[in-house]
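K.L.:
Quick one: the structure is below, questions incoming.
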Amino acid sequence: MPLHIGIVACSAEGAALCYRTICSEGEALFGPHGHPEVSMHTPSFADYVRLLESGDRDGVAELMLTSARKLAGAGANFLICPDNTIHAALPWVTPTSPLPWLHIAEVVAEEAATRGFKRVGVLGTRWLVDSEVYPEKLSARGIECVRPSATDRDASSRVIMEQLVRGVFEPEGVQVHRRIIGLMKREGCEAVILGCTELPLILNDVNSPLPTLDSTRLLARAALRRAADGRSQA
């Protein structure tokens, strides 16, 4: 049997895209209409936002652990979190987690290295871009991480938190991010990480000035491979 995937969800739109990708792309590995068993848990998104705004890393970690424990109880074999921002708390989660995790930034960094990128930009909430979540994982593979300016971090965060997480997709949001990616291209970036799991809903290789690294779908595909590998070893 394939391994059971547990999704520790945070914001609805990114989690839904990850879930849909697992189900729709599972057919390639498991046959028509096939995909692994999937369970998802999420507290109120407001709880995460309140903790992020107050800088309460331990509180974020405890919310993630609460989801992890419930998913372990539901029979999940491993966990993924389709939210880049709260991965900053993951080092405080894993020591007491009941299940292993796939790290979204490790998955993206592996893809960047496979494609031969040496200098990439990262987009996401200000909390994510200010953190070391991506620079740490990229530097381990010899890849330089370029962050937007403080002003552009605020502009991107505004679109994400006021529009994308609510399922609102406006041309202005696309324009804001195309402008930022254009600046990254001029700074020598070879690709851009869509480091908010909602960004792939408005950006892709067609409308981005740089090739995109879609963190949401890359994580979903890594989870599918992990689930399939578990089946083959059973």
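K.L.:
Do any residues in the stretch 126-154 that are touching a residue at least 40 places away in the same chain (Cβ under 8 Å) and at negative phi have Cβ atoms under 6 Å from those of residues that are part of a loop (DSSP other than H, G, I, E, B) and open to solvent by 30 Å² or more (accessible area, probe 1.4 Å), where the two are at least six apart or on different chains, and which pairs are they?
P.N.:
Once the first residue is touching a residue at least 40 places away in the same chain (Cβ under 8 Å) and at negative phi and sits in the stretch 126-154, its partners that are part of a loop (DSSP other than H, G, I, E, B) and open to solvent by 30 Å² or more (accessible area, probe 1.4 Å) give V129/R147; V146/E187.
K.L.:
Sticking with this one: How about the stretch 5-47: which of its residues are aliphatic (A, V, I, L, M) and either more than 18 Å from L90 (Cα to Cα) or open to solvent by 50 Å² or more (accessible area, probe 1.4 Å) (or both)? So that I can check it myself, show each step before the final result.
P.N.:
The initial filter retains those residues of the stretch 5-47 that are aliphatic (A, V, I, L, M), namely 5, 7-9, 12, 15-17, 22, 28-29, 38, 40, 46.
A12, A16, L17, I22, A28, L29, V38, M40, A46 - these are the residues of the stretch 5-47 that are aliphatic (A, V, I, L, M) and either more than 18 Å from L90 (Cα to Cα) or open to solvent by 50 Å² or more (accessible area, probe 1.4 Å) (or both).
K.L.:
Shifting gears a bit: Anything in the stretch 56-82 that is more than 11 Å from S97 (Cβ to Cβ) and either charged (D, E, K, R) or free of Cβ contacts under 8 Å to residues at least 12 places away in the same chain (or both)? List them, or say none.
P.N.:
Selection gives D56, R57, D58, G59, E62, K70, G73.
K.L.:
When R50 is evaluated against the numbered criteria (1) farther than 20 Å from A223 by Cα; (2) open to solvent by 60 Å² or more (accessible area, probe 1.4 Å); (3) touching a Pro at 6+ places or on another chain (Cβ under 7 Å), which criterion, by number, is the only one it fails?
P.N.:
Of (1) farther than 20 Å from A223 by Cα; (2) open to solvent by 60 Å² or more (accessible area, probe 1.4 Å); (3) touching a Pro at 6+ places or on another chain (Cβ under 7 Å), only one is false for R50: (3).
K.L.:
Which of (1) in contact with a Phe, Trp or Tyr (Cβ under 6 Å, 6 or more places away or on another chain); (2) closer than 24 Å to Q163 by Cβ is the odd one out, the single condition L79 does not satisfy?
P.N.:
Going through the list (1) in contact with a Phe, Trp or Tyr (Cβ under 6 Å, 6 or more places away or on another chain); (2) closer than 24 Å to Q163 by Cβ, L79 breaks only (2).
K.L.:
For residues that are of a type in the set (S, T, Y) and in contact with a strand residue (DSSP E or B) (Cβ under 7 Å, 6 or more places away or on another chain), scanning just the stretch 88-138, find the one that is nearest to D214 (Cα to Cα).
P.N.:
Y134
K.L.:
Here are the criteria: (1) touching a Gly at 6+ places or on another chain (Cβ under 9 Å); (2) under 28 Å from F78 (Cβ atoms). Tell me which single one I202 does not satisfy.
P.N.:
With (1) touching a Gly at 6+ places or on another chain (Cβ under 9 Å); (2) under 28 Å from F78 (Cβ atoms) applied to I202, the lone miss is (2).
K.L.:
So which residues in the stretch 103-127 are more than 17 Å from M184 (Cβ to Cβ) and in contact with a Phe, Trp or Tyr (Cβ under 7 Å, 6 or more places away or on another chain), if there are any at all?
P.N.:
Listed by number, the list holds a single entry, A105.
K.L.:
Identify the single condition in (1) under 20 Å from the mean Cα position of the chain (by Cα); (2) under 24 Å from H33 (Cβ atoms) that I193 does not satisfy, given that it satisfies every other one.
P.N.:
Of (1) under 20 Å from the mean Cα position of the chain (by Cα); (2) under 24 Å from H33 (Cβ atoms), only one is false for I193: (2).
K.L.:
Which one of L213, L201 is buried (at least 18 other Cβ atoms within 10 Å of the Cβ), in contact (Cβ under 8 Å) with a residue 24 or more places away in the chain and touching a helix residue (DSSP H, G or I) at 6+ places or on another chain (Cβ under 6 Å)?
P.N.:
L213 is the lone residue from the list that is buried (at least 18 other Cβ atoms within 10 Å of the Cβ), in contact (Cβ under 8 Å) with a residue 24 or more places away in the chain and touching a helix residue (DSSP H, G or I) at 6+ places or on another chain (Cβ under 6 Å).
K.L.:
Here is a list of conditions, (1) modelled with pLDDT of 95 or more; (2) surrounded by fewer than 21 Cβ atoms within 10 Å (Cβ to Cβ); (3) outside any loop (DSSP other than H, G, I, E, B), and G230 meets all of them except one; can you say which number that is?
P.N.:
Unmet condition: (1).
K.L.:
Right, another one. So which of G188, G173 is part of a helix (DSSP H, G or I) and not basic (K, R)? So that I can check it myself, show each step before the final result.
P.N.:
Details: G188 fails: part of a helix (DSSP H, G or I).
None of the others qualify; the one that does is G173.
For every residue, the table says whether it meets (1) surrounded by fewer than 21 Cβ atoms within 10 Å (Cβ to Cβ); (2) at pLDDT 95 or above; (3) within 25 Å of E111 (Cα to Cα).
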{"site": "R158", "(1), (2), (3)": "yes, yes, no"}
{"site": "V168", "(1), (2), (3)": "yes, yes, no"}
{"site": "G173", "(1), (2), (3)": "no, yes, no"}
{"site": "R178", "(1), (2), (3)": "yes, yes, yes"}
{"site": "L183", "(1), (2), (3)": "yes, yes, yes"}
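The values are calculated or read from the model by the stated rules, or taken from the named source; none is laboratory data. It should be emphasised that the depicted structure is a prediction, and the values quoted were computed from it without experimental measurement. Positions of Cβ are generated from backbone atoms using ideal geometry, with glycine treated the same way; all protein chains shown enter the neighbour counts. The protein model used for the area step is the full one, side chains on, heavy atoms only, and it has no ligands, DNA or RNA in it. Shrake-Rupley method; radii C 1.70, N 1.55, O 1.52, S 1.80 Å.
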